[in-house]
Amino acid sequence: MDRTAILRWLHSATARSVHGTRRRIVRFRQQSDYRRFLDIWSEMNAPLASLQTVRHLPLIEAFSIPVSLGEPDFAPILGEGAQVEEDTPICVHSTVFKPAARDKGIPWGVQQIKAPQVWSTTTGHRIKIGVIDTGVDFSHPDLKQSLGRGINLLNRSTMPHDDNGHGTHIAGTIAAANQLHGMIGVAPRSTIYPVKAFDHNGSAFVSDIIMGIDWCVRNRMDIINMSFGMKTRSKSLLNAVNNAYNAGVIIIASSGNDGKRKSVDYPARYPQTISVGATNKLRRIAQFSNRGTFIDIYAPGDKILSSWLRGKYNEMSGTSMATSHVSGAVALLLAHRPGLSPGEIKSILKRSMMPLRGAKSFRLTGELDITRMLQAAER
């Protein structure tokens, strides 16, 4: 590993404009190579702003680096011990949305999974949920009691304020706590820690997600809600998901909205996650939802009313919305039975789901039912 060549290359990388570049994730087969590269990177006297263009991913001992479109292959500079992959763009999972008036009472999805029946037993108290998304509306009256500080990965000096709406919607379904004047979520006494990895368009890179997972592991989240996905596999993302799983963090991921029968998006496709499909009010699989053997469980995801920006409410559809119902349910379970591993929780969910209407393979797939879930946890 040529120290001078790498320093020159890193300096040119930090000087690049974001336009006309793509990102690459560089991992190392040997920890000694990673340590050497880390030392070289740490030596740079570049300003903090430019250092942030080269992203350090300590959870997987890697870096994300911008590369000019016409630039020759830089792998020879790094030596044979380096593995390079595309830092792929990734998007939040939701379909159409429309403004909605607040619905009196408990949202239909929260009712359908039978959350209210167990609130006398568990409300998710003290369970920490990292929501890697677009941020959250901290001023929303239904969320004020339900939020931790979280982190803004796009601008570390500011709070993770939502400039899209998707993250606020997810947070409301999981943990809104304003039943008298607003809405109530599945686990109203759990705490959401918003991890802003997505911009106002609902777009991010895999490296943003890895940094989000790293933050969640370091800050001891019990659950990570991942209402997003991509079509291509990423070894770096799998590595990060694996490390979180081995640390005991439950990762719940949306399957995607392509209506596919034999495929789901990543990271939901990884076996270390709980992959979620969407159902409608008739307890049938929603038309847009991916489905099939890669789905672990289904939950309400069609025309879901939840919190929105500036204290408002919106109706959204998508496997994103289904995922937030499952994250809330797992919070209820963990508050009731602390210490369950990710594998045990997935097993309990799969043992306790309700058969779906109209599903041919009804024994292999089903919808979330929280009363049955808590009963299964006792067996």
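From the helices alone, meaning DSSP H stretches of at least four residues, give me the mean residue ellipticity at 222 nm for the chain, per-run term -39500 (n - 2.57), in deg cm²/dmol to the nearest 500. Provide the component values of the computation, followed by the final result.
Details: 11 runs with 112 residues, N = 379.
Rounded to the nearest 500, it is -8500 deg cm²/dmol.
Scoring 233-240, 324-331 by mean Cβ neighbours within 10 Å over their residues and listing the highest first yields 324-331, 233-240.
Gyration tensor analysis over the Cα atoms of the chain returns equivalent ellipsoid semi-axes of 37, 21, 19 Å (largest first, whole Å). Between residue 228 and 93, 254, the built amide H atoms are under 5 Å apart, and every one of these is 5 or more places off in sequence or on another chain.
Given the Cα-Cα distance of residue 163 and residue 111 and 0.36 nm per residue of separation, how much length would full extension add, in nm? Each step should come with its number before you reach the end.
Working: separation 52, 0.36 × 52 = 18.72 nm, distance 2.91 nm.
Taking 0.36 nm per residue and subtracting the Cα distance, the gain is 15.8 nm.
Using DSSP H assignments, which helices in the chain have an axial alpha-carbon span of 20 Å or above and a mean Kyte-Doolittle hydropathy of -0.5 or higher?
On the way: long enough: 319-336 (26 Å, 1.02).
Long hydrophobic helices here: 319-336.
Under 5 Å between amide hydrogens, built in the peptide plane, is the criterion, and for residue 67 it picks out 22, 23, 24 among residues at least 5 positions away or on other chains. Quick check: from the Cα gyration tensor, does the stretch 222-332 come out rounded (a/c under 1.5), prolate or oblate? Note, shape of the stretch 222-332 comes out oblate. For residue 274, nonlocal amide neighbours, meaning residues 5 or more places apart or on other chains whose placed amide H falls under 5 Å from its own, are 251, 252, 253. Phi angles across the stretch 259-270 convert, under the Karplus curve 6.51 cos²θ - 1.76 cosθ + 1.60 with θ = phi - 60°, into 3J(HN,Hα) values of x, 7, 9, 10, 8, 10, 6, 8, x, 4, 6, 5 Hz, Gly and Pro given as x.
Determine the gain in length on full extension of the stretch residue 43-residue 247; use 0.36 nm per residue of separation and subtract their C-alpha separation, reporting nm with one decimal. It would help to have the intermediate numbers written out before the result.
Details: separation 204, 0.36 × 204 = 73.44 nm, distance 3.11 nm.
Length gained between residue 43 and residue 247: 70.3 nm.
Where a number appears in this text, it was derived from the coordinates with a stated rule and is not lab data. Keep in mind that this is a model prediction, so the values were computed, not measured. Neighbour counts are summed over all protein chains in view; Cβ atoms, including those assigned to glycine, are modelled from backbone coordinates with ideal geometry.
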